[in-house]
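Below is one structure; the comments refer to it alone.
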Amino acid sequence: MKNNIIKEFTYKGKIYEYTIVRSKRKTFAISIGTEKGIVVKIPLYFPAEDIEKLVIEKAEWIAEKYEQMEEQEQKKPVHHFESGETFYFRGTSLILNLIINPDRKRIMVKKQAGTLLVVSPNAEKTVIRAAIEKWYRERAREVITDKVIYYQRFVGKNVGEIRIKEQKSRWGSCSSQANLNFNWKIVMAPDEIIDYLVVHELCHLLHMNHSKQFWNSVGNIIPDYKEREKWLKEKGTLLCL
């Protein structure tokens, strides 16, 4: 992170490194993710001497969340793109059936009777992975677009673009131009989780924050959103390629 400050604190004998990010925000916030680690977000003119105090006050919470993240990462499945491996699509497990056919000119990927069928002219893992990712991205666009169209009427706001992206530390986002961005990997989750993520971002068209009013809007559409959010926190690492 360019121009940001990296510091550390010790809790119960373990050293935790965190990055301080100053921006035009009004509040103090801490985020913990696999890509960026512990990030402390503060307003531009927040007193430097108060940052460490706030971090120490939150040390127990930070350590707990960080340990949970590490545990989830250890559970993350590793794919070698070989027949018999399990992949997920809309909450259903698919068994990879990889067929090598040198006579084919192009690789083919499709869902077929409980399997993810891949027919490839060669066994090159990077090519196979890229083809599977392309298939997931295409399905994600179809599924998410349909769900945005369905749920859009509940918020009464027009959506700009729907973008399917590779987002390292989030499942979705909403821009001030009403563009909705979604991580393509969410199409691996059960439909009720995809629904929640779509509604979450649509409600940001009403409230560009996570205020009580925002969560009320989400709850009006998805009353059990807390359970769905809990599922993401506990099982989100399973949504991977």
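Where a number appears in this text, it was derived from the coordinates with a stated rule and is not lab data. Just so it is clear, the model here is predicted, and its values are computed rather than measured. No Cβ is skipped: glycine too gets one built from the backbone with ideal geometry, and neighbour counts run over all protein chains shown.
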Number of positions in the stretch 119-168 that are loosely packed, with under 13 Cβ neighbours inside 10 Å and under 17 Å from the mean Cα position of the chain (by Cα): 2
Selected residue (criterion: farthest from Lys14 (Cα to Cα)) from residues of the stretch 54-98 that are assigned to a strand (DSSP E or B) and touching a helix residue (DSSP H, G or I) at 6+ places or on another chain (Cβ under 9 Å): Leu98
Failed item, numbered, when His204 is tested on (1) in contact with a strand residue (DSSP E or B) (Cβ under 6 Å, 6 or more places away or on another chain); (2) under 27 Å from Thr86 (Cα atoms): (2)
Strands (runs of 3 or more DSSP E) wholly inside the stretch 126-223 that include at least 2 residues being touching a Ser or Thr at 6+ places or on another chain (Cβ under 8 Å): 180-183
Residue in the stretch 24-43 that is free of Cβ contacts under 8 Å to residues at least 12 places away in the same chain, loosely packed, with under 14 Cβ neighbours inside 10 Å and not in a loop (DSSP other than H, G, I, E, B) present: no
Lone unmet requirement of (1) surrounded by fewer than 17 Cβ atoms within 10 Å (Cβ to Cβ); (2) without any contact (Cβ under 8 Å) to a residue 40 or more places away in the chain; (3) not in a helix (DSSP H, G or I) for Leu116: (1)
Residues being farther than 20 Å from Gly33 by Cα, surrounded by fewer than 17 Cβ atoms within 10 Å (Cβ to Cβ) and in contact (Cβ under 8 Å) with a residue 24 or more places away in the chain - total across the stretch 169-194: 5
Pick from the stretch 87-110, criterion touching a residue at least 24 places away in the same chain (Cβ under 8 Å) and not aromatic (Phe, Trp, Tyr), ranking: farthest from Cys240 (Cα to Cα): Ile107
